[in-house]
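For reference, the structure is listed below as structure tokens.
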Amino acid sequence: MSKVYIAGAAMIPMGKHRHASYSGLAVPAVLNALKSAGIAPKDVQAVVCGHAFGGMLTGQRIVKEVGIGSIPVFNVDNACSGGASALHLAFKDIEAGKHDIVLAIGVDKLTQFGGGTLPLVAEDPEVKQGIVMPAVYAMRARRYLHERDATLEDLAQVSVKARRHGARNPYAQFRGEVTVDEVLQSRPICDPLTLMQCCPTGDGAAAVIMVSEAGRRKLGTPAVRVAASVVHSGQVTAGFRDMLNPEISSDSARDAYEAAGFGPQDLDVVELHDAFTIAELVYYEALGLCPRGESAGFLRAGKSTYGGQVVVNPSGGLLSKGHPVGASGVAQAVEVYWHLTGQAGERQVPGAKRALSHVTGGGIAGLDHGACTVHLYEAA
Amino acid sequence: MQQAAQATGGAAYADDALPIEDLKEEQGLPFEVKDGMVYLRGSRSRSSGSMAFPEREVCLETGARDMEPFLFGPNATLYSFSTVHVSSSRPVPYTLGYVDFPNGVRVLAHVVAEPSQPLRCDQPVQLRAEGDRWFVVPTQS
């Protein structure tokens, strides 16, 4: 069993890139990731490409553009977890000793749909009833406000923090700070969630070079060890589900901490799935960053920002950096790589040694979510 | 662009981090007519010399972003061909063929020929254009 490292990483600035194809989005990220690892396209031994809406052979359409071929290329869809699922598959192959250098790509282009909510699979019974992703999160928010000592302002503060972080990230789609009032007064999307509490429609791509112990020695570039890589699917129920206790995320985190040998108290950086404001609060608890029931207080006390217990979403998160769904898991890994190698510029989390990334997604009837991925990282 | 970085990394990015706008409306026609002859606009890598059609930004052999425009044609060889009678992309029938140029570039082209002139593999063809449209015709049988 080899240890697994990230030895190069890059992404494109997220935004509405209507004139770029899937390969047009991903090729600059791939080339810059290769460059940061100090390797050529021909050095790559396998490719895994995560996406949700790229269509057939997305990975091959990308890597052939830089001359990568005659090696295994796999495409993985796991909704929002597609990119992180690509990391997982690359991780497993390197850990098993199958390859020394694997390119993992995450990419998606949401402007192809023209705007509005993410298209879901029409054959699903809840989709037939009109479910959309913001409605799922809105019902979580409603229940959170009902059960907890929390207010709409607490929800809005998640966006305020995300935008404050994103303002210092050149790769973020939104780089302007906002106030609680602006967030609450933006137009309603699904009550109680307003526009600024929802991640934007956008396009993006990210790439990382994952290597074995031998690959790392050969490259000699700054590296981050991937200490755990966990993927779970949702467990169906036709009955009661506690919408504030997403077992898919808490179980994934539990397994990841166990595999890594360190826990939530050891983390300096967390990139978690804040697709909507409520998500961040719920996931503080699911990932064990704070005790159950204490997430609003955790945010209010500044424990999830610079100077606090752990910096959650220094990139600006999905709310500010953007969420081209299949790209996000890899983009999180890129952000973590930059922090753990001291390359994050003015948003650098000082002395960051350990990090977690978390993406969960997919709206399917009977599940909390379809897929969840948790990765843990350690400075190497 | 908001950043004017020297190099792309975690702190900032340079132009090489921006997406390639390959879906932008065509800037011009993919061919040029000179002295009555039709030439295709391709790209050639400054470092590796690799050539490709249509125009592109990245070298297909090395990933280098140093492609320069160049013209090639008008003569080529018909490698293979088919007349399409059922298509989801355009009205039928039409004839497509892969044509090989002496510089090694292969291009998928529309082939226009008289029904009385059956096509054959390895037949010499030449580029032609009508308005915005380019295609090849057999030059001898």
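Since every read-out is calculated from the coordinates, none of them should be taken as a lab result. As the structure is a prediction and not an experimental result, all values here were calculated from the model. We place every Cβ from the backbone using ideal geometry, glycine too, and count neighbours over all the protein chains shown.
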Next on the checklist: Taking R0 as 51 Å, what FRET efficiency do you get between residue A:42 and residue A:142 from their Cβ-Cβ distance, rounded to the nearest 0.05?
Outcome noted: 0.45
Checklist outcome for this item: Listed with the fewest Cβ neighbours within 10 Å leading, A:132, A:330, B:99 appear as A:132, B:99, A:330
Next on the checklist: Helix A:82-95 against the longest principal axis of chain A: what's the angle in degrees, Cα atoms only, rounded to the nearest 10?
Outcome noted: 40
Item to check | Nearest-0.05 FRET efficiency for residue B:139 and residue A:343, computed from C-beta distance (R0 56 Å) | outcome: 0.45
Checklist outcome for this item: So the angle from the long Cα axis of helix A:277-286 to the longest Cα principal axis of chain A, reported in degrees to the nearest 10, equals 70
Checklist entry - Using a basic spin-label model with each label point 7 Å from the Cα along Cα→Cβ, how many nm lie between residue B:89 and residue B:6? => result 4.6
Checklist entry - Around residue A:55, what is the net charge, scoring Lys/Arg as +1 and Asp/Glu as -1 over all other residues with Cβ under 14 Å from its Cβ? => result 0
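Test of understanding: what is the full-extension gain from residue A:182 to residue A:241, defined as 0.36 nm times their sequence separation minus their Cα-Cα distance?
Computed gain between residue A:182 and residue A:241 is 18.0 nm.
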Checklist outcome for this item: Taking Cα atoms only, helix A:133-147 is inclined relative to the longest principal axis of chain A by an angle, in degrees rounded to 10, of 50
Item to check | Likely footprinting exposure, A:179, A:277, A:58, A:111, fewest C-beta neighbours within 10 Å first | outcome: A:179, A:111, A:58, A:277
Checklist entry - How many nm is it between the label spots at residue B:126 and residue A:123, if each spot is 7 Å from the Cα in line with the beta carbon? => result 5.5
Checklist entry - Among B:88, B:80, B:50, whose mean-square fluctuation peaks in a Gaussian network model of chain B (Cα, cutoff 10 Å)? => result B:88
Checklist outcome for this item: What helix-only [θ] at 222 nm does the protein assembly as shown give? Using -39500 (n - 2.57) per DSSP H run of at least 4, over all residues, to the nearest 500, the answer is -7500 deg cm²/dmol
Checklist outcome for this item: Under 16 Å by backbone N from the virtual spin label 7 Å along Cα-to-Cβ at residue B:70, the residues of region B:98-139 are B:101-107
Item to check | Residue exposure sequence - A:306, A:283, A:171 - by fewest surrounding Cβ within 10 Å | outcome: A:306, A:283, A:171
Item to check | Max mean-square fluctuation residue, GNM over chain A, Cα-Cα springs under 10 Å, options A:321, A:42, A:109 | outcome: A:42
Next on the checklist: I want to make sure I understand the PRE zone here: with the label point 7 angstrom from the Cα of residue A:292 toward its beta carbon, which residues in region A:242-284 have backbone N atoms less than 13 Å away?
Outcome noted: A:242-248, A:250-251
Item to check | Partner chain coverage, peptide A:67-74 - average Cβ within 10 angstrom | outcome: 1
